[in-house]
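Colleague: Next up is a structure, given as structure tokens.
Bear in mind these aren't lab numbers, they're just calculated from the coordinates by the rules spelled out. A quick note: this is a predicted structure, and the numbers were derived from the prediction, not measured. Note that each Cβ is placed from the backbone with ideal geometry, even for glycine, and that neighbours are counted across all protein chains shown.
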Amino acid sequence: MDIIANLDQIEANVIRACKEAGCRFEDIEIVAATKCQTSETLAELAKDGRIKIFGENRVQELLEKYREEYTFDIIGQLQTNKVKYIIDKVRLIQSVDRDSLAKEINRLAEKHGKIQKILVEVNSGNEVQKGGVSPDSVEEFVDSLKIYPNIAVVGLMAVAPLGIDERELGKLFTNVYRTYEKLKRENSEIRYLSMGMSHDYELAIRCGANLIRPGRALFGERY
Ligand SMILES: *Cc1c(COP(=O)(O)O)cnc(C)c1O
């Protein structure tokens, strides 16, 4: 596998999707989903320099690969009792979907003298087993986080349901985009719409995403 060639390809695809969407390549942030990837792989990407952010799913993995010169986001389900390990090590926590988690993030952010930026995770397909706030409750949930002074909601994150066709997925992404736009009109801190993984990032960009999270498209299949 050639990560650098894969990244060239992803960038070319992003440029094409941006043309169709009427956005600019510079407006799209590519966060590499680095779960299961080694420190060596992260070092290779860091050396290339085009990818500025690594997105980790698991706290343990983030801690193992952590280096001060890297920037990490948490993109996977985060257990409340693990916030303490990463609060001083992350740019964004992209997967906030419940009050207990927000409360703990706020508590620890205050302790560390920081305002923690977060994204609210949307369960775009309203799937029972999945994390995320149901699309209908997003605005209410975002509103409820105003009581936490050490949390700044800066956007939304959505994971696509498996096994639905592109048209249906486009509808779900567009639905999340509409909520994002609405929130953005009321809150100038809102600026990230994190949607799109290896198989759907072009569609996500066409639907208004400005942060994408490719994993396999960059690193090859995970074994
Ligand atoms: C694994 C993962 C990705 C990347 O998925 P790929 O299909 O490998 O691109 C992106 N976002 C989240 C939340 C993930 O868990």
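Colleague: Does R107 qualify as being farther than 30 Å from A5 by Cβ and surrounded by fewer than 20 Cβ atoms within 10 Å (Cβ to Cβ)? Break it down stepwise before answering.
Modeller: Values: farther than 30 Å from A5 by Cβ: yes; surrounded by fewer than 20 Cβ atoms within 10 Å (Cβ to Cβ): yes.
Considered against the rule, which asks whether it is farther than 30 Å from A5 by Cβ and surrounded by fewer than 20 Cβ atoms within 10 Å (Cβ to Cβ), R107 comes out as yes.
Colleague: Kindly provide the set of residues from segment 202-223 that are more than 20 Å from N126 (Cα to Cα) and either among the aromatic types (F, W, Y) or touching a Gly at 6+ places or on another chain (Cβ under 9 Å) (or both), ordered by number.
Modeller: Result: E202, I205, R206, N210, L211, I212, R213, P214, G215, F219, R222, Y223.
Colleague: Here's a follow-up. Kindly provide the set of residues from segment 147-165 that are assigned to a loop (DSSP other than H, G, I, E, B), surrounded by 13 or more Cβ atoms within 10 Å (Cβ to Cβ) and among the aliphatic types (A, V, I, L, M), ordered by number.
Modeller: At the first step, the residues of segment 147-165 found to be assigned to a loop (DSSP other than H, G, I, E, B) are 148-150, 159-165.
Those left that are additionally surrounded by 13 or more Cβ atoms within 10 Å (Cβ to Cβ): 148, 150, 159-161, 164.
Correct list: V159, A160, I164.
Colleague: Note down all Cβ pairs under 9 Å where the first residue falls in segment 34-60 and is over 14 Å from T71 (Cα atoms) and in contact (Cβ under 8 Å) with a residue 60 or more places away in the chain, the second is in a loop (DSSP other than H, G, I, E, B) and of a type in the set (A, V, I, L, M, F, W, C), and they're at least six residues apart or on different chains.
Modeller: Pairs that qualify, where the first residue is over 14 Å from T71 (Cα atoms) and in contact (Cβ under 8 Å) with a residue 60 or more places away in the chain and the partner is in a loop (DSSP other than H, G, I, E, B) and of a type in the set (A, V, I, L, M, F, W, C), are K35/I75.
Colleague: Of the residues G196, G125, G155, G208, which is within 22 Å of E26 (Cβ to Cβ) and in contact with a Pro (Cβ under 8 Å, 6 or more places away or on another chain)? Walk me through how you get there before you give the answer.
Modeller: Values: G125 fails: within 22 Å of E26 (Cβ to Cβ); G155 fails: in contact with a Pro (Cβ under 8 Å, 6 or more places away or on another chain); G208 fails: in contact with a Pro (Cβ under 8 Å, 6 or more places away or on another chain).
After applying the criteria, what remains is G196.
Colleague: Taking A217 as the residue in question, decide whether it is outside any loop (DSSP other than H, G, I, E, B) and over 15 Å from the mean Cα position of the chain (by Cα). Lay out the reasoning, then the answer.
Modeller: On the way: outside any loop (DSSP other than H, G, I, E, B): yes; over 15 Å from the mean Cα position of the chain (by Cα): yes.
Judged against the criteria, A217 is a match.
Colleague: Let me confirm something: among Q77, Q9, Q60, which residue is of a type outside the set (F, W, Y) and in contact with a helix residue (DSSP H, G or I) (Cβ under 8 Å, 6 or more places away or on another chain)?
Modeller: Numbers: Q77 fails: in contact with a helix residue (DSSP H, G or I) (Cβ under 8 Å, 6 or more places away or on another chain); Q60 fails: in contact with a helix residue (DSSP H, G or I) (Cβ under 8 Å, 6 or more places away or on another chain).
Unique residue meeting the criteria: Q9.
Colleague: A follow-up question, please. So Q94 passes all but one of these: (1) part of a loop (DSSP other than H, G, I, E, B); (2) touching a strand residue (DSSP E or B) at 6+ places or on another chain (Cβ under 6 Å); (3) within 16 Å of the ligand (Cβ to nearest atom). Which condition number does it fail?
Modeller: (1)
Colleague: Considering only segment 138-184, state which residues are among the small types (G, A, S), more than 19 Å from the chain's Cα centre (by Cα) and away from the ligand (no atom under 16 Å from the Cβ).
Modeller: Here is the first cut: in segment 138-184, the residues among the small types (G, A, S) are 144, 152, 155, 158, 160, 163, 170.
Still in the running and more than 19 Å from the chain's Cα centre (by Cα): 144, 163.
The answer is S144, and nothing else.
Colleague: Separate question: For segment 97-128: of the residues being assigned to a strand (DSSP E or B) and not β-branched (V, I, T), which is nearest to the ligand (Cβ to nearest atom)? So that I can check it myself, show each step before the final result.
Modeller: Of segment 97-128, the ones assigned to a strand (DSSP E or B) are 116-122.
Filter once more, so that each one left must be not β-branched (V, I, T): 116-117, 119, 121.
Working: Q116: 18, K117: 17, L119: 11, E121: 9 Å.
Here the answer is E121.
Colleague: Let me confirm something: among E110, E104, E121, which residue is closer than 17 Å to V83 by Cβ, of a type in the set (D, E) and touching an Asp or Glu at 6+ places or on another chain (Cβ under 7 Å)? If you could, list the steps in order and put the result at the bottom.
Modeller: Values: E110 fails: touching an Asp or Glu at 6+ places or on another chain (Cβ under 7 Å); E104 fails: touching an Asp or Glu at 6+ places or on another chain (Cβ under 7 Å).
Being closer than 17 Å to V83 by Cβ, of a type in the set (D, E) and touching an Asp or Glu at 6+ places or on another chain (Cβ under 7 Å) holds for just one of E110, E104, E121, which is E121.
Colleague: Run R67 past the list (1) in a loop (DSSP other than H, G, I, E, B); (2) under 28 Å from G170 (Cβ atoms) and report the number of the one that doesn't hold.
Modeller: The single condition R67 does not satisfy is (2).
Colleague: Could you give me the residue pairs with C-beta distances under 7 Å whose first residue belongs to segment 193-207 and is near the ligand (Cβ under 8 Å from one of its atoms), whose second residue is assigned to a helix (DSSP H, G or I) and basic (K, R) wherever it lies, and which are 6+ apart or on separate chains?
Modeller: Sorted first by the residue in segment 193-207, then by its partner, the pairs are S198/R216.
Colleague: Let me spell it out: the conditions are (1) of a type outside the set (A, V, I, L, M, F, W, C); (2) within 19 Å of the chain's Cα centre (by Cα); (3) farther than 30 Å from D136 by Cβ, and K19 meets all of them except one. Which number is the exception?
Modeller: Failing condition for K19: (2).
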